[in-house]
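In what follows, a structure is listed as C-alpha cells, so that the remarks can point back to it.
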Amino acid sequence: NRFKHNFEVYNLNLTPDMWMILMRLWEQDGQTQQALCNFTLKDRPTMSHLIDAMTKMGLVVRHESKEDQRAKNVCLTPYGKSIEGKARFVGNKTLKEALRGLSQEELNICQETLRIIFNNSKL
C-alpha cells in the first residue's frame, strides 16, 4: 500500500497503526496502553503486540504507572522522538496523495461522516 511504500522509501519501517500511536505520543507522551487502545480503537492484545514490536524497534518503552501500578505507560525513546519530523512529513505526503482529486466540499462531508461514525462507536 501507499503508506507502507512511502515509509519504506524514507527508511521508516512503520505500519499505519504504529504511526497513529506515535502521533498520539508526540502529542502527549506517557499514555497508558488502555488510553492508546481507546484512541486507536484497538483491543488490548492487539495493542500489546504493537507496543512489543515498537519496543523491539527502539521507538517506545513501557514504564509502570505512578497512579495505577497495574497499568503501564508507553513512553517515547530518544529515537522515537527523533523521527517525528520525518514521519510527520511522510504521513502528510501520503495523506495528500490519498486525498488527491477530492474537493473541499467532499473532504468536509467525509470528515463529518467519520466524526459521526467515531462518536457512534464509543462506549
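In the condition set (1) part of a strand (DSSP E or B); (2) more than 20 Å from residue 19 (Cα to Cα); (3) not small (Gly, Ala, Ser), residue 62 is compliant with all but (2). If the Cβ limit is 7 Å and pairs must be 6+ apart or interchain, which residue in the stretch 91-103 that is open to solvent by 70 Å² or more (accessible area, probe 1.4 Å) pairs with which residue that is assigned to a loop (DSSP other than H, G, I, E, B)? Short answer, once both residue conditions are applied: none. Within the stretch 74-81, does at least one residue satisfy the condition of being surrounded by 13 or more Cβ atoms within 10 Å (Cβ to Cβ), of a type in the set (Phe, Trp, Tyr) and under 22 Å from residue 4 (Cβ atoms)? No, the conditions are met nowhere in the stretch 74-81. Being in contact with a helix residue (DSSP H, G or I) (Cβ under 9 Å, 6 or more places away or on another chain) and touching a residue at least 40 places away in the same chain (Cβ under 8 Å) is true of residue 13.
Being within 21 Å of residue 1 (Cα to Cα) and among the small types (Gly, Ala, Ser) narrows it down to one residue among 71, 98; which is it? After ruling out the rest, the residue left standing is 98. Any residue at all in the stretch 12-25 that's over 12 Å from the mean Cα position of the chain (by Cα) and either outside any loop (DSSP other than H, G, I, E, B) or at pLDDT 90 or above (or both)? Yes, the conditions are met somewhere in the stretch 12-25. Could we say that residue 55 is in a helix (DSSP H, G or I) and in contact with a Cys (Cβ under 9 Å, 6 or more places away or on another chain) here? So residue 55 does not fit the description; no. For the stretch 27-41, a residue qualifies if it is free of Cβ contacts under 8 Å to residues at least 24 places away in the same chain and open to solvent by 80 Å² or more (accessible area, probe 1.4 Å), and the qualifying residues are 27, 28, 38. Please tell me if residue 112 is modelled with pLDDT of 90 or more and either of a type in the set (Phe, Trp, Tyr) or open to solvent by 50 Å² or more (accessible area, probe 1.4 Å) (or both). When the stated conditions are applied, residue 112 passes them. The number of residues in the stretch 42-67 being more than 23 Å from residue 13 (Cβ to Cβ), open to solvent by 30 Å² or more (accessible area, probe 1.4 Å) and touching a residue at least 12 places away in the same chain (Cβ under 8 Å) comes to 1.
The values are calculated or read from the model by the stated rules, or taken from the named source; none is laboratory data. Since this is a predicted model, take the numbers as computed values, not measurements. Glycine gets a Cβ as well: all are built from the backbone with ideal geometry, and neighbour counts include every protein chain shown. For the accessible areas, the whole protein counts, side chains as well, though only heavy atoms, and no ligand, DNA or RNA atoms are used. Shrake-Rupley method; radii C 1.70, N 1.55, O 1.52, S 1.80 Å.
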